Amino acid sequence: MAGANREQTAGTERVAVWNAVAACVQEQLLVQKGVWIPRFGCFDIISESIKTEEGTVTLCWPVFHLAKNLIAKHHLKPKKESLPAHKDVEPLKYSEVATVASVTLQRGRTCVQSTVSLLSSCLQNGKKVAFVVKGIGLLFIDGLTFEMKFYDDFVEKLSGKEAFRKAVSKAPWLLDMLISRLTPPASLTPSCWLIVLPK
């Protein structure tokens, strides 16, 4: 019983820390700055110009690049090639994460690193994984492929409702990279064996 309680407490803390990570990443992306989460991957923003009847619309689009260590170790390939980002990104500020999650700096850093190790362990054991980045999107790793889908309301927030609506009407392929916040992770795979992290 004590072991179950400890695991539940660790799970609650892990979710709180990753919610704080997501909040920090979101804050940076909204001001057009990228963030690197060591051993996990890098979030960044690109600008795409899309022609519409009313002229050219500039759409700000999030991108995610999975860390090279995970790609190499598990022989992963992106389901679709990610759009390139061309600027330097800053490492995640663990001090901000710790403050938002109300944990010590050491606990915050350890929690992020242990979750990435847990992700790697799940992949090592052949599990399908959905990693929820709260408010931003969902990383889905299925066998040897991975794909990051972003929440439509988050992408809309990056560019503004009007620009987003015009751009998507002219570039419906963008919709393939989007997912509704209400979509359950389990719907991404016919298999019932799906590990949802950071829970």
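Which of the residues belonging to region 26-61 are more than 17 Å from E162 (Cα to Cα) and touching a helix residue (DSSP H, G or I) at 6+ places or on another chain (Cβ under 6 Å)?
Correct list: V35, R39, F40, F43, I45.
Run down L188, L182 and say which single residue is out of contact with any Phe, Trp or Tyr (no Cβ under 7 Å at 6 or more places or on another chain) and either among the basic types (K, R) or surrounded by fewer than 19 Cβ atoms within 10 Å (Cβ to Cβ) (or both).
The match here is L182.
Is it the case that E147 is assigned to a helix (DSSP H, G or I) and either acidic (D, E) or under 23 Å from A20 (Cβ atoms) (or both)?
In short, no.
Can you name the helices (runs of 4 or more DSSP H) wholly within region 36-132 that have at least 2 residues being in contact (Cβ under 8 Å) with a residue 60 or more places away in the chain, farther than 18 Å from M148 by Cα and in contact with a His (Cβ under 7 Å, 6 or more places away or on another chain)?
none
Tell me the residue from V103, V63 that is touching an Asp or Glu at 6+ places or on another chain (Cβ under 9 Å), crowded, with 17+ Cβ neighbours inside 10 Å and within 30 Å of S169 (Cβ to Cβ), please.
Being touching an Asp or Glu at 6+ places or on another chain (Cβ under 9 Å), crowded, with 17+ Cβ neighbours inside 10 Å and within 30 Å of S169 (Cβ to Cβ) holds for just one of V103, V63, which is V63.
Residue by residue through region 162-182, note down the ones that are within 24 Å of E27 (Cβ to Cβ) and either at pLDDT 90 or above or not in a helix (DSSP H, G or I) (or both).
If the condition is that a residue be within 24 Å of E27 (Cβ to Cβ) and either at pLDDT 90 or above or not in a helix (DSSP H, G or I) (or both), then L178, I179, S180, R181, L182 are the ones that fit.
Which residues, taken from region 28-56, are among the aliphatic types (A, V, I, L, M), surrounded by 13 or more Cβ atoms within 10 Å (Cβ to Cβ) and over 30 Å from L123 (Cα atoms)?
Within region 28-56, L30, I50 meet the criteria.
Residues to consider are A16, A10; find the one that is among the aliphatic types (A, V, I, L, M) and either in contact with a Lys or Arg (Cβ under 9 Å, 6 or more places away or on another chain) or modelled with pLDDT under 95 (or both).
From the options A16, A10, the qualifying one is A10.
Can you find a residue in region 146-161 that is at pLDDT 85 or above, surrounded by fewer than 17 Cβ atoms within 10 Å (Cβ to Cβ) and over 22 Å from V25 (Cα atoms)?
no
The rows are residues; the columns are (1) within 28 Å of G11 (Cβ to Cβ); (2) touching a Leu at 6+ places or on another chain (Cβ under 7 Å); (3) β-branched (V, I, T).
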position	(1), (2), (3)
Q32	no, no, no
K51	no, no, no
T58	no, no, yes
Y94	yes, yes, no
A101	yes, no, no
C122	yes, no, no
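The values are calculated or read from the model by the stated rules, or taken from the named source; none is laboratory data. Source: prediction; values computed, not measured. We place every Cβ from the backbone using ideal geometry, glycine too, and count neighbours over all the protein chains shown.
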